[in-house]
1. If exposed chymotrypsin sites (Phe, Trp or Tyr not before Pro) are those in a DSSP loop with at most 13 other Cβ within 10 Å, what is the longest stretch of the chain that has none?
2. Projecting each Cα onto the charge dipole of the chain (Lys/Arg +1, Asp/Glu -1 at the beta carbon, about the Cα centre), which of Tyr88, Ala445, Ser237 comes out farthest on the positive side?
3. Hey, rough spin-label estimate for Ala396 and Ile412, points 7 angstrom out along Cα→Cβ, what's it come to in nanometres?
4. Residue by residue, what Karplus-based ³J(HN,Hα) values in Hz, rounded to whole numbers, does the stretch 247-255 have, using 6.51, -1.76 and 1.60 with θ = phi - 60° and x for Gly and Pro?
5. Specify the angular offset, from 0 to 90 degrees and rounded to the nearest 10, of the alpha carbon long axis of helix 168-179 from the longest principal axis of the alpha carbons in the chain.
6. Could you state the angle between the C-alpha long axis of helix 69-88 and the longest principal axis of the C-alpha atoms of the chain, as a value from 0 to 90 degrees rounded to the nearest 10?
7. What's the center-to-center distance, using Cα atoms, between the stretch 261-279 and the stretch 289-311 in Å?
8. Would you compute the Debye intensity of the stretch 193-468 from its alpha-carbon atoms alone, equal scatterers and no solvent, and pass along log10 I(q)/I(0) at q = 0.08, 0.16 Å⁻¹ to two decimals?
Amino acid sequence: MRIVVRSLVGVLVAGGVLTAATSIPAGVTSLPLQDPQKPPQQTEIVLTADKPGSHPKVGVPDFTVTGDAKVKEAADLVANVLWADLEYEREFYMINRKSSASIPVAATPGTLPFDQWQQIGADFVLMGSAKASGSALTVEIRLISTRGDKPGHEDFGQTFSGCSVENARYCAHAIADDMHKRIRGVDGIARTKIAFTSDREPGRMTTRPVEDSGQSKEIYIMDYDGANVRPITRNKSLNVAPSWGPDGRTLAWTSWASVYPDIYLTSLDGRPATRPANGTEIIQNQHPAISPDGGKIAFSSSRGGKPGYYDIWVIDRDGTNLRNLTPNTVDWSEGAPTWNPNGNQIAYTSDRGGSNQLYVMNADGTGSRRVTFAGPVDRPTWSAKNFIAYTLRQPAGHDIAVLQLTGQQPVIITNGAGSNKQPTVSPNGRHIIFVTTRWGKEHLASVDIDGNNIKQLTTVGNNTYPNWSPSPR
């Protein structure tokens, strides 16, 4: 889907000018909404991210609608999803929509009941309108000041065309990402996806070489907020540990579909998945990680070692240029590789010190060094913001830890409720999705990097191995 946004103004962000020329999400084209002969109007919204009291309080009334009940339903969905997307990043203080439900909806900024919005604490009202032509949906957004010398001043405005009535949720995500970038200077993640493993539709497995092979687990993807879940595999086998490529369309994972574990790779375009690592009964391959440039896959493999022992290998995505990065560790097992943002280092786990710890090496296998000394640890993920989140075993269970590779001590993000493991970090480095048992079964939850704002994302089955996609280009 291609969405075109026409933007009204530039704004001041945390003391710096952020104009309409600032880059915005891929697939979105910025054009002036007002007279193109006039320069962008510079207006100020005082937004200082490190001072909670400075966050603007924003109310979102129902959108005005031109169209039938289906258009109204789409407009309501956009309003609700947009509210949630803006609330998620904590850059705006979002007023609960129930608190403003009794305030009359205004057709124009000048007719807003400013006194009623002021009474519930709103600094701004995010007005929206929606109209449709067939299945195409056009949404206009205006951020209106309710206070100051000129209540009704339009501080931000944009029109999105190219949305659709059937996929109004994506339109809301695109608007949220654009608002976060333009008003707060934050790279939003509303359009990202989560790949994960789930047994929500179990079938008896027939591909694993054990007498009682258990129930199948498939790969699924969903929106960052848990909506729009859809399956990627349906092979009634064991499928785990998905890994996104940098294009947000390529996915690798481990599957037992061919009896023994191997790496599968797909472009999510309907073509059959490939098996670049060519696993066999003897050569078992697991835990793929696609490199930041998309050209290589790091993984753990039993080839060339003792039975039951794994090394870290890397291979080009077309199945060529296979290399063992840890060839001298025949008496230990290495696993769970993850690339650094530049693609020149790999973090992984190894039990060479007696228990699984985190190590970092150059992408050619040289310069390996140990970076954790408590645990054991598992499932590291190297953030695009250059820190590593991982699973840390605690006396009472597991928690999510974050490590800056600057000699600092790890920081525990989760609070010990249930068992917490297998973290994946958002592209902007502000959030972590992880597996937790705090609600009974294994479910996915998100938490902000400061340990606050925990949200449950799944409610069906057991769900594991989350992996966060890059933001769309």
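1. Result for the longest clean stretch: 1-372.
2. Selected residue: Ser237.
3. 0.8 nm
4. Here the 3J(HN,Hα) series is 7, x, 10, 9, 9, 10, 7, 9, 9 Hz.
5. Roughly 80 degrees, rounded to the nearest 10.
6. That helix lies at roughly 70 degrees to the long axis.
7. Rounded to whole Å, the Cα centres lie 15 Å apart.
8. So the normalised log intensities are -0.29, -1.33.
Each value in this text was obtained by applying a stated rule to the coordinates, not by laboratory testing. It should be emphasised that the depicted structure is a prediction, and the values quoted were computed from it without experimental measurement. When we count neighbours, we look across all protein chains shown, and the Cβ atoms used for this are built from the backbone with ideal geometry, even at glycine.
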